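The values are calculated or read from the model by the stated rules, or taken from the named source; none is laboratory data. Everything numeric in this text was worked out from a predicted model, so none of it was measured. Quick reminder, even Gly has a Cβ in these numbers, built from the backbone with ideal geometry, and neighbours come from all protein chains shown. Note: areas computed on protein heavy atoms with side chains; ligands, DNA, RNA excluded. Shrake-Rupley method; radii C 1.70, N 1.55, O 1.52, S 1.80 Å.
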Amino acid sequence: MWRLAGLALAAGFLSGCAVQVETDQARLCRMALPALMPDGTRITILAQRADQDARGLRVGFEANPPGRSARRHVAACRFESPGRPLESRELIALSLDGEALSEARLYFLIRDWLATPEGRAADPAPIGDITATPEVPRPVAYGLQMALDGLPRAAIYALLATAYSLIYGLIGRINFAFGELAAAGGYAAAMTAIAFVGAPPGPLLAGAFALAGFVAGGWSYATARCVFLPLRNARGQQALVATIGLALFLQELLRIAQGDRSSWMPPLLNQPFALAHAGDFYAVAAPMTFVASALTLCVGLALILIFRRTRIGREWRAYADDPLATELLGINPAAIATSAFILSGAFAGLAGATMTAAFGAVGYGLSEALTLKALAAAIVGGFGSLPGAFVGGFAVGAIEVGWSALFPINDRDLAVYALLVIFIALRPSGILGVRENLTHNLFPRRP
């Protein structure tokens, strides 16, 4: 079974290494098709294939004009540069069945059709092929759409809550700077995507996530050496004030370094496709939704393997259970804390990269909201419990999506913080937390 899973993962990565169709390039090319056909023509998209230089694509389609037999055609579109076209005029060439449109005809096509609301609404396949989409009851389709919309948010909160729980479970400290570390990782991912725009999405995403984890892990290491380790014998209130000051410092550093505006990441794996429908309502998702979920799952499994199979994992477990005995056995507490901060910072960076890839933008102002909601997820799941962190992340994501579907979206954050207050008042240990100890929560002792 593991061999088959490995083969499937390798096949998925290799498919991501191929040149992928850029979503907005394909959308502009499809929008032009109705203007090239007689009025009332029914258009069915058959295939889309990107050019090797990522500056264009070919669209195969079937056109069925009224009162005439259907015919198959091929449209080829070329753009100024690889990546997402920001304006319709970046379409510089279009041919139909090998016959290129004249410059004048292309100019009027862009001005009088592609740049109009009518043209944008004329895309014959905005969510791909829907002919084989299964029909389900409307509540099921609507619930499926809400669940799909909540997956990226839940993955982000789960990764950050895991970072919180790892640090708290090992050294008993709360780090309020994880939101800023996530923002730093998001900036790193966006810069990587911009630097290698047009590259295949598989290697590009792998590089973006790796750099995000490296940058945030490095920042977390610096915070451990400069703030947490010097204050390891301080009282809890002193460390708490210090970490709040650290968060404010990092947030201002991000603002000065990156500016007030959000940084945008070129869209990757964002072509929506339909999964089910109920009448004229279609539940759709983008591949990036499942990439974010798969990343969170892999991180959780990797963390379990680290704790169970590696020496550093055994040292972490021993230190969480009895710090004094661990130190007497020759394990350096500073090294334990430093490695935990690096790993938790990498998790925060992956959360920031996931946010940037899924939603397209990152800004220093998002760090505060991420910090509070991830803290809420950690408390809801059980502070110090790594499985609880994942459960809490998905619980907070579900609350946000459910509230947005049923109530005014402006009050969504209020619902999350109300849930936090309820858990603190009625169940402070959280859903899975039993004791304030990482070892007992994740790895209970055998009788």
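Computed with a 1.4 Å probe over protein heavy atoms only, the accessible surface of region 380-436 comes to 52 Å² per residue. Available extension along the chain between Val74 and Ala93 is 5.4 nm, counting 0.36 nm per residue and deducting the alpha carbon span.
Nearest 10 degrees, 0 to 90: what angle lies between the long axis of helix 236-258 and the longest principal axis of the chain (Cα atoms)? It is inclined by approximately 30 degrees. The DSSP beta bridges internal to the chain are antiparallel in roughly 95% of cases. Taking a ≥ b ≥ c as the square roots of the eigenvalues of the Cα gyration tensor, an a/c ratio of 1.5 or more together with a/b larger than b/c marks region 371-432 as prolate. Can you give me the C-alpha center-to-center distance between region 113-135 and region 280-337, rounded to a whole angstrom? What the calculation gives is 43 Å, centre to centre. Taking the helices alone, the chain has a mean residue ellipticity at 222 nm of -19500 deg cm²/dmol, built from -39,500 (n - 2.57) per DSSP H run of at least 4 residues and averaged over all its residues. Split the accessible area of region 325-403 by element, probe 1.4 Å, and carbon with sulfur accounts for 75%. Annotation for Phe196 and Phe290: the two label points, set 7 Å from Cα along the Cα-Cβ direction, are 2.3 nm apart. Amide H contacts of Arg427: none lie under 5 Å away among residues 5 or more positions distant or on a separate chain (H built 1.01 Å from N in the peptide plane; Pro and chain starts excluded). Overall, region 63-198 carries a charge dipole of about 180 debye about its Cα centre when +1 sits on the Cβ of Lys and Arg and -1 on the Cβ of Asp and Glu, all other atoms neutral.
Using alpha carbons only, how many degrees (0 to 90, rounded to 10) separate the axis of helix 412-426 from the longest principal axis of the chain? Approximately 30 degrees, to the nearest ten. Classify region 249-376 from the C-alpha gyration tensor, please: rounded if a/c falls under 1.5, else prolate or oblate depending on whether a/b exceeds b/c. Oblate, because a/c is 1.5 or more while a/b does not exceed b/c. Under 5 Å between amide hydrogens, built in the peptide plane, is the criterion, and for Gln48 it picks out Gly60 among residues at least 5 positions away or on other chains. Roughly to the nearest percent, how much of the accessible area of region 217-298 is carbon and sulfur, given a 1.4 Å probe? Ligands and nucleic acids excluded, carbon and sulfur give 64 percent. A Gaussian network model of the chain, with springs between Cα atoms under 10 Å, assigns the largest mean-square fluctuation among Gly330, Gly169, Gly365 to Gly330.
A Gaussian network model of the chain, with springs between Cα atoms under 10 Å, assigns the largest mean-square fluctuation among Ala351, Ala247, Ala415 to Ala415. Springs between Cα atoms under 10 Å define the GNM used for the chain, and in it the highest mean-square fluctuation of Asp322, Asp149, Asp24 occurs at Asp322.
In this rough spin-label picture, where each label sits 7 Å from Cα along the Cβ direction, the Arg58-Ala318 distance is 6.3 nm. Let me make sure I get this right: for region 310-443, a, b and c are the square roots of the gyration tensor eigenvalues over alpha carbons, sorted descending. Under 1.5 in a/c it's rounded, otherwise prolate if a/b > b/c, else oblate. Which is it? Because a/c hits 1.5 or more and a/b fails to exceed b/c, region 310-443 counts as oblate.
Between the labelled values (i) 228; (ii) 139; (iii) 181, the entry that holds volume of the Cα convex hull per residue in Å³ as derived from this structure is (iii).
Thr310 contributes an accessible area of around 50 Å² to the protein surface, as traced by a 1.4 Å probe with all chains present.
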